[in-house]
Each structure stands twice: as structure tokens, then as C-alpha cells.
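Here is the structure we will look at, set down as C-alpha cells.
The values are calculated or read from the model by the stated rules, or taken from the named source; none is laboratory data. It should be emphasised that the depicted structure is a prediction, and the values quoted were computed from it without experimental measurement. All Cβ positions, even for glycine, are placed from backbone atoms using ideal geometry, and neighbour counts span all protein chains on display. Only protein heavy atoms, including side chains, enter the accessible area calculation; ligands, DNA and RNA are left aside. Shrake-Rupley method; radii C 1.70, N 1.55, O 1.52, S 1.80 Å.
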Amino acid sequence: MDFELSEEQQAIRDSVLKLCTRFDDAYWLEKDRHGGFPVEFHAAIAQAGWLGIAMPEAYGGAGLGITEAAILLEAVAESGAGMSGASAIHMNIFGLQPVVVFGTAEQKARMLPPLIAGAEKACFAVTEPNIGLNTTALMTRAEKHGDRYVVNGEKIWISTAQVADKMLLLARTTPRADVKRKTDGLTLFYTSFRRGEGVEVREIEKLGRKAVDSNMLFINGLEIPEADRIGAEGDGFKSILHGMNPERILIAAEAVGIGRAALRKAAAYAKERVVFDRPIGQNQGIAHPLARCWMDVEAAYLMVLRAADAYDRGKECGVEANSAKYLAAEAAFHACETAVMTLGGMGYAKEYHVERYLRESLIPRIAPISPHMIMNFIAERVLGLPKSY
Amino acid sequence: MKIVVTVKLVPDPNAEKKIDAGSKRLVRTGIETVLNPYDEYAIEGALKIKESLGGDTTVTIFSMAPAASKEVLRKALAMGADDAVLLTDPALEGSDVRGTAYAMAQGIKQTGFDLVICGGLADDGSTGGVPGALAEYLGVPGFTNCRQVEVAGGTLKVQRETDSGYQVVSGPLPALVSVTMAIGEPRYASLKGIMGAKKKSIATLALAALSVDGAVGGDGAKTEVRAVAAPPVREKARVVEAPDGAAGARAIFDLLKEKKLV
């Protein structure tokens with residue numbers, strides 16, 4: 001058991017934090033106010049090679065693991081970039097894992113290098129408006145016509161679809177009534193798309209993270225060449241399942257980052273702000289909640305690294321990955337809330353940044369899976385309690 | 001062309017520091033060792049020259065430090081240097097400026113060089129004395145406080161910062177330069193750099209491999225730290241309040257007079 005980051009992992013953390021200093025609080029505040037994808041940030045991250053951190057070396061990546069990707073995304077969020085920074089690159093770091101695992105050599109050579117270089121951006125189109133987390137019930141249909149599939153359906157909460165060039169899309173190719181298991185008959189595609197050509201992309205206004213768009217997709221006759229199908233027809237669910245634990249681990253790492261950022265701001269303020277002739281941080285009513293949040297955030301990070309380590313060793317990590325997501329998101333939310341309360345009125349003002357973190361901290365709480373479903377999972381799988389739904 | 005960049009490994013500049021009363025030396029326990037921030041500018045300067053010259057120009061990092069700090073040099077390699085040499089020997093402990101420059105000169109001579117680039121000073125000792133002494137022991141011209149360094153046709157051309165501007169000075173190679181922060185913000189290591197650094201070599205040199213005459217380390221030191229004192233605590237600023245500008249100026253003038261500053 002080794003709780004130290006390796007030299008290389010430490011170097012990754014240091015270098016990412018240093019790169020992020022170019023994108024300061026003012027940059028993210030501006031992005032939060034007026035929106036607009038953080039293109040400069042995405043380009044800087046791509047240029048320094050970070051998008052390829054977990055991609056195979058043969059295609060221009062570094063071939064490192066989820067542990068290193070978690071360290072990267074945690075550092076991005078911790079720098080003050082929060083979810084605005086993390087979500088701008090998140091999908092491009094690990095989202096294409098189904099292509100890595102199930103793609104052909106031709107597909108990998110065609111799809112991975114432009115993503116790693118930052119020349120293309122991808123979005124992940126799985127969730128649908130009417131099915132929630134009941135993924136196998138999704139209604140988007142892909143019908144084969146010759147060497148193409150024609151897709152019709154709706155998707156929701158598709159991040160970065162306003163700026164993405166590519167889409168990883170899950171659609172049903174065989175009706176649910178015609179398959180033995182509900183997980184069969186779904187097919188995964190990775191394909192180019194243009195807004196307005198078979199796909200209408202409508203942005204959803206939301207509480208936070210204005211810089212990174214979230215969207216409704218109305219897919220109407222989108223044609224996808226057969227060459228863009230990832231894995232066998234009908235095997236799509238298996239393909240995306242592969243990426244779910246890493247996804248949760250990375251979101252959890254981002255939550256830890258935002259929690260740390262909030263606590264850093266709050267502690268700095270509590271040291272400087274003098275009321276009744278003493279810094280407010282001298283009052284235990286201020287200090288203790290911050291101390292408690294720190295412990296919660298750091299304990300959650302241990303679970304994140306534990307889950308990442310298990311995944312990288314090829315071990316089962318569902319329990320750890322889900323627990324990490326739950327713990328980190330809850331800890332981050334409470335840290336951000338406590339930071340706002342520490343700053344008082346100033347905490348409610350945009351220019352002190354913590355209210356932005358608080359709004360963004362709800363993202364890892366809600367996505368990609370609700371805390372309720374994680375508790376269901378732990379109750380059932382770990383404690384052996386009967387399934388409730 | 002072979003460029004050698006000297007780097008010092010120093011206690012984290014952001015850490016709180018204590019001086020041991022007995023040895024009058026910094027207590028290093030619990031403080032992380034990092035690259036001297038000023039030396040990162042020297043590395044940046046070297047990499048710029050390497051990029052402008054291309055071809056077979058190499059950048060070697062040279063450091064004199066305890067063996068345990070070896071891995072800190074990977075950061076310099078991750079920035080883009082080609083290899084590193086660590087001069088390490090328990091006998092070097094306690095070296096003063098002269099001893100450090102002398103031992104390093106012997107090591108750098110053995111390593112081979114066309115140009116040595118140093119940071120302006122070290123964050124811990126802050127003497128700024130090593131670059132000049134090193135040039136002397138290497139027997140090459142030394143150009144200190146450079147804000148720009150160019151190498152063309154085997155000639156060195158530098159801009160030396162002065163209080164009122166800068167001097168343009170040129171000279172032959174081999175030579176030594178020390179650089180200021182105006183040389184350019186040090187680059188951060190890219191992922192490729194970090195991955196590549198794993199495969200680069202860090203050679204170690206011991207004193208026995210060098211031709212060193214006389215005593216080095218603490219025994220050979222020509223200087224001695226007599227006393228260490230904390231900088232005087234700055235008095236709290238006084239705010240002068242006055243109904244108008246003229247009265248304010250008068251009040252400030254009286255204050256300066258009282259302190260015998262005017």
C-alpha cells in the first residue's frame with residue numbers, strides 16, 4: 001500500500017496546475033458571466049498533450065491510466081477552473097474509451113489522433129428525455145439502409161454539442177420486443193455531425209457552468225456510415241458500460257478539485273477578514289465547519305484514488321467508483337456551501353468566485369448518476385438488501 | 001553545441017523556514033526540495049537557444065546536491081533538457097560560494113561544455129556569487145545579468161541588464177552567462193516531456209572522479225556564517241488623515257521631519 005503519488009504523478013499535477021495559472025479566476029468568471037466555450041483553455045491543454053493522457057501511445061497518447069487522468073482533472077478543477085474547465089476537456093480525455101477497446105485498427109487510427117491533438121471535439125450522446133437512467137429503454141432508433149444507418153430520436157443533457165465535431169451515439173438497432181435481453185440490440189456509433197444537418201442542437205439554460213453548453217438533440221434522419229459503427233451491431237450497451245466506472249471516477253476527482261478550490265478561498269478569506277478585532281477564522285464557528293469539510297473532501301479523494309487504482313489494475317471497481325462519486329460530490333457541495341457561508345455576503349457576490357463553485361458543485365452531485373441510485377447500488381450489491389425498484 | 005545549465009535544489013520557497021541556532025543552517029526537515037526558481041529561467045534560456053540553433057545542440061543539467069534529491073532533476077528534464085549530471089559527495093557538504101564554484105567547475109570541465117548558463121541567484125542562499133566564481137574557475141568569460149542571449153557563428157551576443165537600461169556585449173565561446181527573469185517565463189512541462197524525462201539519464205559524479213586539489217566542503221570553506229538574524233519587522237504603516245491636500249502634505253512633512261528624513 002503506497003499513499004504517495006509517484007514522481008511522475010506529482011509532475012503531472014504540478015505541470016497542470018502551472019498551465020492552469022494562465023487561466024485565472026477572472027478568466028473563468030468572465031466565461032461564467034457571458035458563456036462561450038473556453039477554446040483557449042482547451043487548446044492549451046491539447047497543445048501540452050494532456051488530452052492524450054489515457055490514450056494508447058500508438059495513437060499519440062501517453063498510455064497512462066485513470067489514476068493519472070483523475071490527477072489531471074482534479075488539478076484542473078482545483079486551479080479554480082472548476083467544472084467549467086473540467087467539463088470542457090472531460091469527454092475528450094476518456095469518452096472515447098469504447099473506441100480504444102472495441103474499435104478496429106482503422107477506426108482507432110482515424111478517430112483518436114485528431115481528438116488527442118485537440119483538432120476535433122467529441123460529445124457523448126446517450127441520455128434521453130423520457131428514460132432517465134433506464135438506459136436500455138432508450139428510444140433513439142438507427143435503421144440500416146445499405147451501408148448506412150439512418151437515425152431518428154431525441155437526446156438530452158449532451159454537453160459540448162454546440163462545439164463538438166463528433167458524436168458518440170447510442171441507438172437501438174433492434175426493437176426491444178425482438179431481443180432476448182433488454183441490453184441487446186443497442187449499437188454504438190462514433191461519427192461526424194453538423195448542427196442543422198440531421199441534428200438540431202438546442203442549448204439548455206442552466207444554473208451553472210455557462211461556458212460548457214448542455215443540449216437537447218433532435219435527431220431527424222441523421223445518416224451514419226457503417227464504418228462509424230463501434231463494435232458489433234447490438235453490442236453497444238456492453239461498449240458504453242466499459243466506460244461508466246472511469247467516468248464516475250473522473251467526475252469524482254473533479255468534485256474533489258472544486259471542493260479544494262472552495263476551501264482554499266474560504267480559508268484565505270477567514271484569515272484576512274477582521275470583524276470584532278479578530279480574523280473571523282479565529283472563531284470556531286467558522287473554523288470547524290471548514291475543517292470538517294476539508295476532512296470530508298480529502299477522505300473522498302482517497303476513495304477516488306482507490307477506485308482509480310483498482311480500475312488501472314484491471315480489478316472490479318464498481319463499488320469504489322460509485323462510492324467515490326457519491327462521497328466526493330457530497331463533500332464538494334458541502335465545502336462550497338460552507339465557503340459561501342464563510343464569506344457571508346461576499347460569498348454571494350460573483351467576484352468572490354465561491355458562489356460559482358457552489359452552483360457548479362451540483363453537477364457532480366447529479367451527473368452522471370444520482371446519489372439515490374448509488375445508494376441503491378451499495379445497499380443491494382454490498383449490503384445484500386433487496387432491490388427497491 | 002553543448003549547453004550546460006547549472007541548477008540548485010532548494011527548499012520550497014513557499015515553505016515556512018527556520019534556522020537551526022547551533023549550526024546556523026536552515027532546518028530542512030519536512031520541507032520539500034524543488035528546483036531553484038531562478039534556475040528555471042536559465043533552463044528556459046538554454047532551451048530557447050537550442051530551438052534557435054537546432055541540429056545537434058544539447059542541453060545538460062548540472063547540479064551539485066545530495067544524492068537523495070536526484071529525482072528533482074527530472075523536472076528540468078521534463079521541461080526539455082536532454083540529460084543531467086549530479087555531482088554528489090558527502091565531502092561537499094558545507095561548501096561556501098568559492099568551494100561550490102570550484103567543485104562545480106571541475107565537474108563541468110569533465111562533462112564538457114560550449115556555454116554554461118546559470119540562474120541569477122539561489123532562492124535559499126541568495127549570494128548571487130556562484131556564476132562569477134564559476135566563470136573564473138572554468139577560465140572562460142562570464143556575462144552576468146543577461147536578459148537576452150544569442151549564439152551565432154560560434155559567437156555569443158548578450159544583452160546585460162543595468163540599472164538604467166542594457167548593454168550589448170559579445171564574446172567568444174566557450175563562455176558562461178547568468179540570466180535574469182527577463183529571459184522569458186519558464187515553460188511548463190508537457191505530458192510528452194514528463195513521459196520522455198523518465199527515459200533520460202541522470203549521471204552521478206563523485207569527487208573521486210574529478211581532479212580536486214585541497215579541501216572542499218565545510219573544511220575548505222573560506223567564509224563562515226557568524227550570525228543569523230531575522231529581518232527587522234516593518235513598522236505598521238501610519239495613515240495620515242487631513243481635511244484637505246495642503247493640510248495632508250503638511251502633516252506628512254512634519255512626520256518626515258520628526259523622523260529626521262527631511
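Probe 1.4 Å, all protein chains in place: accessible area of A:E223 in Å², nearest 10?
Here the residue's solvent-accessible area equals roughly 100 Å².
How high is the relative contact order of chain B, given as a whole-number percent (alpha carbon pairs under 8 Å, six or more residues apart)? The partial results should precede the final answer.
Details: 476 pairs, mean separation 60.9, N = 262.
This gives 23 percent for chain B.
In straight Cα distance, which lysines are under 17 Å from A:K182, not counting same-chain residues fewer than 8 positions off?
Excluding near neighbours in sequence, the set is A:K238.
Keeping all protein chains in place, calculate the accessible area per residue for region A:7-116 (probe 1.4 angstrom), answer in Å². Working shown, then result.
Details: 3290 Å² over 110 residues.
In whole numbers, region A:7-116 has 30 Å² accessible per residue.
I'd like the distance between the alpha-carbon centres of region A:178-245 and region B:166-233, rounded to an integer number of Å.
Using only Cα atoms to place each centre, the spacing works out to 55 Å.
On a full-extension model of 0.36 nm per residue, what is the gain between A:E226 and A:E380, subtracting their alpha-carbon distance, rounded to one decimal in nm?
51.5 nm
For the Cα atoms of chain A, what angle does the longest principal axis make with the long axis of helix A:318-343, in degrees from 0 to 90, nearest 10?
Computed tilt is about 40 degrees.
Short version: which residues of region B:179-196 lose at least 40 Å² of accessible area, all chains versus chain alone, 1.4 Å probe?
B:Y188, B:L191, B:I194, B:M195
On a 0 to 90 degree scale, rounded to 10, what angle separates helix A:66-76 from the longest Cα axis of chain A?
Roughly 50 degrees, rounded to the nearest 10.
Restricting to Cα pairs below 8 Å that are 6+ residues apart, what does the relative contact order work out to for region A:238-381? Please round to a whole percent.
Values: 191 pairs, mean separation 44.8, N = 144.
RCO, region A:238-381: 31 percent.
I'd like the distance separating the alpha-carbon centroids of region A:115-155 and region B:38-96, in whole Å.
51
Enter the angle in degrees (range 0 to 90, nearest 10) between the Cα long axis of helix B:97-111 and the first principal axis of the Cα atoms of chain B, meaning the one along which they spread out most.
Between the helix axis and the principal axis of chain B, the angle is about 30 degrees.
Pick out, in residue order, every one of the trypsin sites (Lys or Arg not before Pro) in region A:291-389 that is DSSP loop and has at most 12 other C-beta atoms within 10 Å; say none if there are none.
Working: sites: A:R292, A:R306, A:R313, A:K315, A:K325, A:K350, A:R356, A:R359, A:R365, A:R381, A:K387; in loops: A:R313, A:K315, A:K387.
In loop regions of region A:291-389 (DSSP not H, G, I, E or B), the sparsely surrounded trypsin sites (Lys or Arg not before Pro) are A:R313, A:K315, A:K387.
First check a/c for region A:103-158, with a ≥ b ≥ c the square roots of the eigenvalues of its C-alpha gyration tensor; if it is under 1.5, answer rounded, and if not, answer prolate when a/b is larger than b/c or oblate otherwise. Present the calculation step by step, with values, prior to reporting the outcome.
Working: a/c = 2.62, a/b = 1.46, b/c = 1.79.
In terms of gyration-tensor shape, oblate.
Taking a threshold of 20 Å on the Cα-Cα distance, which of the pairs A:K31/A:K155; A:K325/B:K198; A:K121/A:K155; B:K2/B:K200; A:K121/B:K199 fall above it?
Values: A:K31/A:K155 26 Å; A:K325/B:K198 32 Å; A:K121/A:K155 18 Å; B:K2/B:K200 16 Å; A:K121/B:K199 31 Å.
Correct reply: A:K31/A:K155; A:K325/B:K198; A:K121/B:K199.
Buried by at least 30 Å² relative to the chain on its own: which residues of region A:1-43 qualify, computing accessible area with a 1.4 Å probe on protein heavy atoms?
A:E7, A:E8, A:S15, A:K18
On the protein heavy atoms, probe 1.4 angstrom, tell me the percent of accessible surface of region A:122-236 carried by carbon and sulfur. Display every interim value, and only then the final one.
Values: 2340 of 5140 Å².
Answer for region A:122-236 is 45 percent, counting heavy atoms of protein chains only.
Using protein heavy atoms only (no ligands, DNA or RNA), what is the total accessible area buried between A and B, 1.4 Å probe, nearest 100 Å²?
On the way: alone 17550 and 14840 Å², together 31230 Å².
For chain A against chain B, roughly 1200 Å² becomes buried.
Specify whether the C-alpha gyration tensor of region A:131-207 places it in the rounded, prolate or oblate class, a ≥ b ≥ c being the square roots of the eigenvalues: rounded for a/c under 1.5, otherwise prolate if a/b is larger than b/c and oblate if not. Present the calculation step by step, with values, prior to reporting the outcome.
On the way: a/c = 2.51, a/b = 1.38, b/c = 1.82.
Because a/c hits 1.5 or more and a/b fails to exceed b/c, region A:131-207 counts as oblate.
Could you tell me whether chain A comes out rounded, prolate or oblate from its Cα gyration tensor? Rule is a ≥ b ≥ c as square roots of the eigenvalues, rounded for a/c under 1.5, then prolate if a/b exceeds b/c, otherwise oblate.
prolate
For the protein assembly as shown, what does -39500 (n - 2.57) per DSSP helix run (n ≥ 4), summed and divided by total residues, give at 222 nm, in deg cm²/dmol to the nearest 500? Write down the numbers at each step before the final one.
Numbers: 20 runs with 268 residues, N = 651.
Rounded to the nearest 500, the figure is -13000 deg cm²/dmol.
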